[in-house]
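The values are calculated or read from the model by the stated rules, or taken from the named source; none is laboratory data. Predicted model, so just to flag it, every value in this text is computed and none were measured. Cβ atoms come from the backbone with ideal geometry, glycine included; neighbour counts cover every protein chain shown.
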């Protein structure tokens with residue numbers, strides 16, 4: 001089909017023209033149908049405005065809602081009302097409000113998410129070959145006081161929650177479009193963006209490599225409002241290779257979006273300094289939350305606990321019953337200081353429900369909690385630590401860690417790419433590389449193997465640095481142990497010892513003929 005057909009609106013169903021790469025380069029793209037019909041009214045690229053999320057974003061957005069709400073805890077779940085806690089048939093509104101106010105969401109999902117993030121970041125990042133000036137920046141990588149390890153923990157949490165996360169290595173020229181004085185920034189810094197903040201992007205082949213040629217990021221800067229207040233505004237950053245634009249919507253000054261920059265403002269490099277890490281990738285800038293199924297089980301446990309609490313509050317209370325009371329008795333007094341005459345055959349007793357239905361409900365909640373734990377470990381770690389010997393777990397370790405290890409590899413690649421952008425912005429070529437922990441379970445190296453490694457180093461088969469790194473990875477060294485510093489310190493100590501021995505030898509031989 002030619003270009004004339006597109007101009008006349010004769011596109012076949014599901015096909016649109018997308019402009020990519022250089023100006024005038026147009027391609028035909030066929031959008032794949034969405035499985036399950038989660039989103040049926042997808043916006044086409046022709047309808048998009050700068051603040052509108054693209055089709056890829058719209059396909060993912062329904063999958064983010066539940067993990068985001070669960071991360072907010074019980075109050076966030078209650079705020080969603082009937083979305084996650086439906087009303088009973090014929091339940092009155094005031095009864096539902098009472099039941100909702102008493103509902104408590106168990107933190108199964110959030111606990112699992114934090115556990116996996118802790119496994120990924122339980123050891124510090126190891127940097128190799130990084131320039132000294134860049135190393136100083138790693139102590140405050142986001143210019144908000146976070147070192148690289150703290151920053152990685154934030155990024156890993158977003159990666160696990162949404163399925164992917166991005167990091168922008170920014171070095172603004174100083175004019176960000178507001179009324180603050182223009183200041184020059186002489187160092188790059190890193191800014192994390194969750195999948196919800198990535199409105200859309202476009203890739204193209206540039207110089208034989210697949211690269212970002214367009215990226216739109218949603219930001220929420222805080223600006224001063226009045227003498228003492230502040231206002232959270234919406235802002236979209238549009239990035240192209242070598243340039244950027246800023247668009248902002250501020251309710252207090254204007255109801256429409258307006259551009260803050262004067263067209264495409266140049267940047268320092270001819271690339272978009274943005275790196276992405278995926279935990280469960282579908283395609284470019286598209287993923288699914290790896291713990292989505294565990295999140296749905298958590299929502300089921302929330303409903304079951306609410307139902308159980310309601311039943312216990314209404315039905316599991318003993319009731320006072322009177323049998324054979326005269327019909328004219330309308331009110332009965334009961335207590336240690338009162339007495340009521342009854343006929344000879346009358347009786348009173350407490351009754352309470354009996355049966356096993358309550359036990360079944362408690363068992364159901366226990367089963368859901370177990371399913372969440374097993375599902376989370378199986379999907380993200382692929383390991384089953386129950387009913388297995390230590391030796392069996394050791395044998396299956398390389399295979400079992402692979403899913404979480406792929407998450408760690410994605411984060412490692414993202415940090416390495418950010419180091420490269422950081423070096424480009426500083427005109428530094430020795431930007432180095434990093435290594436992120438892939439040993440997720442504490443497992444100290446066997447003492448027999450340690451003895452063999454020490455013997456290899458003593459025989460000159462491996463270096464001291466290699467030995468120390470093996471001991472460090474094998475949990476034999478304390479946290480924060482610096483291999484390079486230790487190698488240098490021991491080398492200096494040996495040099496001093498040799499110098500002292502030589503001085504003693506010279507002194508002892510000085511009087512000899």
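For this structure, a couple of remarks:
- Residue in the range 142-163 that is surrounded by 19 or more Cβ atoms within 10 Å (Cβ to Cβ) and more than 26 Å from residue 67 (Cα to Cα) present: no
- Some residue of the range 466-476 being over 30 Å from residue 409 (Cβ atoms), at pLDDT 80 or above and part of a helix (DSSP H, G or I): no
- Counting the residues of the range 464-477 that are surrounded by fewer than 16 Cβ atoms within 10 Å (Cβ to Cβ) and out of contact with any helix residue (DSSP H, G or I) (no Cβ under 7 Å at 6 or more places or on another chain) gives 2.
- Considering the range 136-160, the residues that are assigned to a helix (DSSP H, G or I) and more than 18 Å from residue 412 (Cβ to Cβ) include one that is farthest from the chain's Cα centre (by Cα), namely 136.
- Set side by side, the residues 507, 497 differ, and just one is surrounded by fewer than 10 Cβ atoms within 10 Å (Cβ to Cβ) and part of a helix (DSSP H, G or I), which is 507.
- Leading residue by the ranking (surrounded by the fewest Cβ atoms within 10 Å (Cβ to Cβ)) among those in the range 281-294 that are out of contact with any strand residue (DSSP E or B) (no Cβ under 7 Å at 6 or more places or on another chain) and within 15 Å of residue 54 (Cβ to Cβ): 283
- Residue list for the range 79-131, filter: closer than 21 Å to residue 437 by Cα and in a helix (DSSP H, G or I): 111, 112, 113, 114, 115, 116, 117, 118, 119, 120
- Among the residues of the range 352-374, some residue qualifies, meaning at least one is part of a loop (DSSP other than H, G, I, E, B) and at pLDDT 70 or above.
- Single match in 71, 35 (criterion: within 21 Å of residue 279 (Cα to Cα) and modelled with pLDDT under 90): 35
- Any hit, the range 432-449, residues being touching a strand residue (DSSP E or B) at 6+ places or on another chain (Cβ under 6 Å), part of a helix (DSSP H, G or I) and touching a residue at least 60 places away in the same chain (Cβ under 8 Å): no
- Of the residues in the range 267-280, none is in contact (Cβ under 8 Å) with a residue 12 or more places away in the chain, surrounded by fewer than 17 Cβ atoms within 10 Å (Cβ to Cβ) and not in a loop (DSSP other than H, G, I, E, B).
- Positions within the range 88-105 being touching a residue at least 60 places away in the same chain (Cβ under 8 Å) and closer than 16 Å to residue 312 by Cβ, in sequence order: 99, 102, 103, 104
- Of all residues making up the range 101-113, the number that are within 16 Å of residue 68 (Cα to Cα) and loosely packed, with under 15 Cβ neighbours inside 10 Å: 1
- The set of residues from the range 214-237 being surrounded by fewer than 19 Cβ atoms within 10 Å (Cβ to Cβ) and under 19 Å from residue 169 (Cβ atoms) comprises 214, 218, 219, 221.
- In the range 295-323, the residues that are assigned to a strand (DSSP E or B) and surrounded by 14 or more Cβ atoms within 10 Å (Cβ to Cβ): 322
- Residue 76 at pLDDT 90 or above, touching a helix residue (DSSP H, G or I) at 6+ places or on another chain (Cβ under 7 Å), loosely packed, with under 15 Cβ neighbours inside 10 Å and within 23 Å of residue 373 (Cα to Cα): yes
- Residues being under 24 Å from residue 267 (Cβ atoms) and part of a strand (DSSP E or B) - total across the range 223-250: 15
- Looking across the range 46-75, just one residue is without any contact (Cβ under 8 Å) to a residue 12 or more places away in the chain and either touching a strand residue (DSSP E or B) at 6+ places or on another chain (Cβ under 6 Å) or closer than 16 Å to residue 306 by Cα (or both), and that is 75.
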